[in-house]
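The values are calculated or read from the model by the stated rules, or taken from the named source; none is laboratory data. Here the structure is a predicted model, which means the values were calculated and not measured. When we count neighbours, we look across all protein chains shown, and the Cβ atoms used for this are built from the backbone with ideal geometry, even at glycine. Surface areas here come from the heavy atoms of the whole protein model, side chains and all, with no ligands, DNA or RNA. Shrake-Rupley method; radii C 1.70, N 1.55, O 1.52, S 1.80 Å.
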Amino acid sequence: MVGASPGGGTDIIARMLADKFAASMKQPFIVENRPGASNTIAADVTAKAPPDGHTLLVATNTGQAIAPHLLKLGFDPLKDVQPVGLIVVVPNVLVVNTQLAAANVSALVALAKAKPGAVRYASSGIGSTQHIAGEAFAKATGTTLVHVPYKGSSQAHIDLLGGQVEMMLDTSSSAMGQIKAGKLRALAVTTPRRAVELPDVPTLAEAGVNGVEMSTWYGLFTTGGTPRPIVERLHAELGRALALADVRARLTGLGGEPGALGVREFSEMNRAEYERYGRLIREAGIKID
């Protein structure tokens with residue numbers, strides 16, 4: 001199960017894992033996209049599936065840690081979906097249309113201040129990491145930006161490339177292909193350190209904007225209540241896949257750092273992130289209109 005549309009970072013990662021799992025477990029794995037509601041539709045399907053480990057979810061902190069504080073869900077994200085393992089952590093990157101008259105962050109901020117409300121930023125949905133990062137960027141820079149949510153990054157890219165929106169704080173896993181093809185201009189990454197795959201792109205702090213740090217993590221989950229031996233088997237298969245040279249190369253090529261946590265450690269991280277984003281959202285007063 002994938003909570004975003006085909007072509008985005010979550011979909012790319014899920015299809016890569018499905019191929020590796022099919023090869024190692026000698027059975028087919030089908031990727032089903034259920035975009036919308038900040039990635040929670042796919043999680044809802046997973047939560048309500050039989051607890052036998054046959055339904056897997058590739059999720060991000062958008063659906064697991066952010067959206068539950070903004071949307072009314074029909075499942076408990078901490079109890080009804082079982083963490084299996086961390087797949088990868090990627091930075092978010094501020095990208096703009098190459099035709100936009102802003103070659104750096106300072107120019108973008110100046111443009112936004114000169115025309116309050118004229119600069120629109122895309123996200124992969126309300127309550128996504130892109131949304132939260134956009135709100136944090138506006139607050140940190142004292143600008144008024146207009147949020148335009150989509151059902152996944154790949155749909156947002158269409159309008160970003162077409163000029164219907166001006167900017168996006170996208171995950172590097174989704175944006176890297178467009179950046180390397182020269183179709184989107186990367187202005188900054190939202191992490192404390194520069195991304196290895198984008199060494200010439202400054203951090204937002206280096207560009208003069210502080211207080212906007214955002215990474216997106218991808219994890220593998222299954223239905224809550226799945227027997228422990230099955231969860232451990234799935235975790236072992238994930239570990240084998242992440243150890244493959246071509247998988248590591250693909251993940252690092254997307255700007256990511258492959259995961260290396262056990263089931264218990266990832267479960268603790270999942271809960272801690274849920275609590276952290278809950279505090280962030282309450283303190284920032286972010287609500288769904």
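Only one of the listed residues (A101, A23, A107) is over 27 Å from E213 (Cα atoms) and free of Cβ contacts under 8 Å to residues at least 24 places away in the same chain. That residue is A23. Would you call V90 of a type outside the set (F, W, Y) and either at pLDDT 95 or above or over 30 Å from A186 (Cα atoms) (or both)? Here the answer is no, as V90 does not meet what is asked. Pairs linking a residue in the range 113-124 that is of a type in the set (G, A, S) to a residue that is in a loop (DSSP other than H, G, I, E, B) and open to solvent by less than 20 Å² (accessible area, probe 1.4 Å), with Cβ atoms under 9 Å and 6 or more positions apart or on different chains, are A122/V165; S124/A4; S124/S5; S124/G8; S124/G152. Is the range 203-223 home to any residue that is open to solvent by 30 Å² or more (accessible area, probe 1.4 Å), closer than 21 Å to V2 by Cα and not hydrophobic (A, V, I, L, M, F, W, C)? Scanning the range 203-223, I find at least one residue that is open to solvent by 30 Å² or more (accessible area, probe 1.4 Å), closer than 21 Å to V2 by Cα and not hydrophobic (A, V, I, L, M, F, W, C), so the answer is yes.
A single member of K72, K20, K26 is basic (K, R) and more than 20 Å from G239 (Cβ to Cβ), and it is K72. Restricting N33, N39 to those that are more than 15 Å from V81 (Cβ to Cβ), of a type in the set (S, T, N, Q) and either at pLDDT below 95 or open to solvent by 20 Å² or more (accessible area, probe 1.4 Å) (or both) reduces the list to N33. Taking the range 52-72 as the range and being part of a loop (DSSP other than H, G, I, E, B) and either touching a His at 6+ places or on another chain (Cβ under 7 Å) or surrounded by 18 or more Cβ atoms within 10 Å (Cβ to Cβ) (or both) as the test, the residues that pass are G53, T55, L70.
Looking at the structure I just gave you, is A188 within 19 Å of A138 (Cβ to Cβ), open to solvent by less than 60 Å² (accessible area, probe 1.4 Å), within 19 Å of the chain's Cα centre (by Cα) and not basic (K, R)? Yes. Taking T62, is it closer than 30 Å to A118 by Cα and of a type in the set (S, T, Y)? Here the answer is yes, as T62 does meet what is asked. When the range 84-134 is filtered for residues that are closer than 30 Å to K20 by Cα, in contact with a Ser or Thr (Cβ under 7 Å, 6 or more places away or on another chain) and either open to solvent by less than 20 Å² (accessible area, probe 1.4 Å) or not in a strand (DSSP E or B) (or both), the ones remaining, listed by number, are V84, V90, P91, N92, V93, S124, G125, S128, T129, Q130.
Applying a threshold of 6 Å to beta carbon distances and a minimum spacing of six or more residues, or different chains, the list of pairs starting in the range 143-155 at a residue that is within 15 Å of G36 (Cβ to Cβ) and ending at one that is acidic (D, E) and outside any helix (DSSP H, G or I) reads S153/D170.
When the strands (runs of 3 or more DSSP E) confined to the range 157-227 are screened for residues that are farther than 26 Å from E265 by Cα, small (G, A, S) and modelled with pLDDT of 95 or more, those reaching at least 2 such residues are found at 184-189. I230 passes every criterion in (1) among the β-branched types (V, I, T); (2) over 27 Å from I41 (Cβ atoms); (3) in contact (Cβ under 8 Å) with a residue 24 or more places away in the chain; (4) out of contact with any Phe, Trp or Tyr (no Cβ under 7 Å at 6 or more places or on another chain) apart from (2).
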